[in-house]
Amino acid sequence: MKRIRWIDTVRGIAILAVIVGHSLQQTDNGLLNQYIYAVHMPIFFILSGYLYREKGYKREFTNGLKNLVVPYAFTALMVIILGLLTPYSFHILKAQFPDFQSAIKGSLYGAGDVGKYAFFQNIQPIGAIWFLLAMFLAIQIFNVLMRITKDVYHREFVRFVFFSTCGVVGFEIGQVYLLPWSLNAAFLVQVFLYMGYLMKKWRLPYKISWLLLLISFGLWTVSASQGFLSVVTTRSPNMLVSIVGAFGGAVCLIQFGKWLSRFKKMGSFLQKCGHYSIIIFCFHLIDLDAFNVGGVLAARMNNSVGPNVAAIIVIVYHLIIPLMAMYTIKWVPIVRSIYLSREYPFLKRSIDNSK
Amino acid sequence: MKRVSLGDVLTRIWKNVFIIIISIAVFATASYFIAKKYSKPSYSVSGQVMLYHGHLNKFDNLSGDIAMMPTYAHVITDSKIINEVDSNLSQHAGYHYTADELTNMVLATPAADSVVMTISVTNVDNKKMAIDIVNEVRNVTKKRLNNIAGAGNVRILGPIKDTNVETKTVFSKSQIMEIGLILGLLVGGLIAAIKGANLHAREEH
């Protein structure tokens, strides 16, 4: 399937924004980070909604397992193994989980943040890769709802009500419990997936005027200035403002991405980041969860050079492992099949063999 | 005539799901406003007084006082005390009850084997007014019970706080809204089914 350049560029911007956002959390956690948090997670769901094509339940489920759950499981396993090596690492590694049992429990639960968990207590969150499990569940729910509403009268009205209700349900559950596999977030993001679907339907990315861009930036600013949006915990000072702000931020990023796509070197670098965003994302998580360097560097730099310079240094550091992974994983058999199952499938399809 | 299976009926209802959504929205909105207008909470609160002769620490007349407690309870809810309470409260803003209504609202209950009397008021439509009524009954009891029934000393026990007030509603707002949602679902489902059946009939012709 032909890749859409500007979508990869926007994904590239978004995945780098995730790294910048996490780095700023350790250093200069201010308004800039609020701008990033207002859009960096919703944009992935909006783009998925944009690229949505109806599939059979089984096929969607299998695709989700291969492209999202398997990379999640492998990344969690890496974090656990590196955690076990901590005592022999000369303080370079750190253990995300206190013991093996809690590592298994935390990985299976897939919580992204600290909170009140349903069914279990004392769960150690796995961290940023909650996103993969939430995306898996969200796409299944979205596909089911899209399919069952395919033949109803006043289809888009019905869908709007269903997806809004999902958003409200996810938001309300999140105020009480963080469900396994971030199911509450999976419900909340139905709003973003549907937003992306409508953007495609209305061909919005090809109709962005200066006025729309200005209004969108205004909405994004209002959302960012009210505080942080946490999709995983479904928390925001005002969720409705955050949802509208995420739309504004997405429009701005899409336009920015389209503009950057015109530059040869920058464009191709961002497209590469977008294309391999799952590798960047998972190895960034490994860096955050298993390596001690980022935290120590941030603490030392904050004290010695101040939060602004520290932010730049920590961002540069946090880019090293994910970008190295992006350039090298495709040369590593098995691992590349785990993260890039479409390009490097474990088993070649029988149709290919028969040719 | 072609037989229609349950699956056909459900498919036709589902196709018209927008009717169910609109129906739920209409009923939920209507029940919200009904709940806002008619679901009024009522407040109940109680306070204590102690009735005794002589000195409490000597226990002179304790058994006599305990035996008289049911009588005092009747006197406290009698018109002689209640009318005075009503008259005193009528100057309070927001007080709108008659003496007869007040008689039905005020209750005096002796605690078992004790000289403590619980005075309570129920079904008051205002939290503060509920507290004011009990306080006023206690004040008038303190002032008048000895003259009327020879109750001896009347001591008012602890003050009443906002947190002591119990709130009760016959149907809470959420209950009314739940009923509205279910009604909306049923009515919407019915309309969707009828509309589906009409379409089916037209298709057959």
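The values are calculated or read from the model by the stated rules, or taken from the named source; none is laboratory data. Being a predicted model, the structure only gives us computed values, none of them experimental. When we count neighbours, we look across all protein chains shown, and the Cβ atoms used for this are built from the backbone with ideal geometry, even at glycine. Quick note on the areas: whole protein, heavy atoms, side chains included, nothing else; ligands and nucleic acids left out. Shrake-Rupley method; radii C 1.70, N 1.55, O 1.52, S 1.80 Å.
Checking every one of the trypsin sites (Lys or Arg not before Pro) in the stretch A:252-324 against DSSP loop status and a limit of 12 other Cβ atoms within 10 Å picks out A:ARG262. A straight Cα-to-Cα reach below 19 Å connects A:LYS272 with the aspartates and glutamates A:ASP8, A:GLU343, residues fewer than 8 places away in its own chain not being considered. When chain A is treated as a GNM with alpha-carbon contacts under 10 Å, the residue of A:PHE157, A:PHE136, A:PHE247 showing the greatest mean-square fluctuation is A:PHE157. Of all complete DSSP H helices in chain B, those with a Cα span along the helix axis of 18 Å or greater and a mean Kyte-Doolittle hydropathy of -0.5 or more are B:17-38, B:62-76, B:127-149, B:173-204. If a/c stays under 1.5 just call it rounded; otherwise compare a/b with b/c (prolate if a/b is bigger, oblate if not). Do that for the stretch B:42-168, with a ≥ b ≥ c from the square roots of the Cα gyration tensor eigenvalues. Prolate shape, in that a/c is at least 1.5 and a/b is the bigger ratio. For the stretch A:125-157, the residues whose amide N sits under 17 Å from a probe point set 7 Å from the Cα of A:LYS58 along the beta carbon direction are A:144. In straight-distance terms, cross-link reach from A:LYS66 covers every one of the lysines whose alpha-carbon lies under 19 Å from its own, apart from those fewer than eight places away in the same chain; here that gives A:LYS55, A:LYS58, A:LYS330, A:LYS348. Taken along its three principal axes, the alpha carbon spread of the stretch B:61-136 comes to 42, 23, 17 Å, from the longest extent down to the shortest. For the residue pairs A:LYS150/A:LYS264; A:LYS2/A:LYS201; B:LYS36/B:LYS80; B:LYS36/B:LYS143; A:LYS116/A:LYS200, the alpha carbons lie more than 30 Å apart in A:LYS150/A:LYS264; B:LYS36/B:LYS80; B:LYS36/B:LYS143; A:LYS116/A:LYS200. Between A:ILE4 and any residue 5 or more places off or on another chain, the built amide H atoms are never under 5 Å apart.
Kirkwood radius and radius of gyration were both taken over the C-alpha atoms of chain A, and their ratio Rg/Rh is 0.95.
Modelled spin labels at A:ILE148 and A:SER268, positioned 7 Å past Cα toward Cβ, are 4.8 nm from each other. Annotation: amide H-H contacts under 5 Å for B:VAL124 (H modelled 1.01 Å from N, sequence separation of 5 or more, or interchain): B:TYR43. When the trypsin sites (Lys or Arg not before Pro) in the stretch B:152-195 are filtered for DSSP coil states and for at most 16 other beta-carbon atoms within 10 Å of their beta-carbon, the remaining sites are B:LYS161. Annotation: average projected area of the stretch A:228-352 is 11.8 square nanometres, based on the convex hull of Cα atoms across all directions. Between A:LYS201 and B:ASN104, take the C-beta separation as r, use R0 = 41 Å, and let me know the FRET efficiency to the nearest 0.05. Taking R0 as 41 Å, the efficiency between A:LYS201 and B:ASN104 is 0.05. Loop-located chymotrypsin sites (Phe, Trp or Tyr not before Pro) in the stretch A:31-64 (DSSP state not H, G, I, E or B) with no more than 12 neighbouring Cβ atoms inside 10 Å do not occur. Summing Cβ point charges (Lys, Arg +1; Asp, Glu -1) relative to the Cα centre of chain B gives a dipole of roughly 800 debye. Under 17 Å of direct C-alpha separation, and excluding same-chain neighbours fewer than eight residues apart, B:LYS195 reaches these lysines: B:LYS15.
With every protein chain in place and a 1.4 angstrom probe, the accessible-area ranking of A:ARG159, A:ARG235, A:ARG147, largest first, reads A:ARG235, A:ARG147, A:ARG159.
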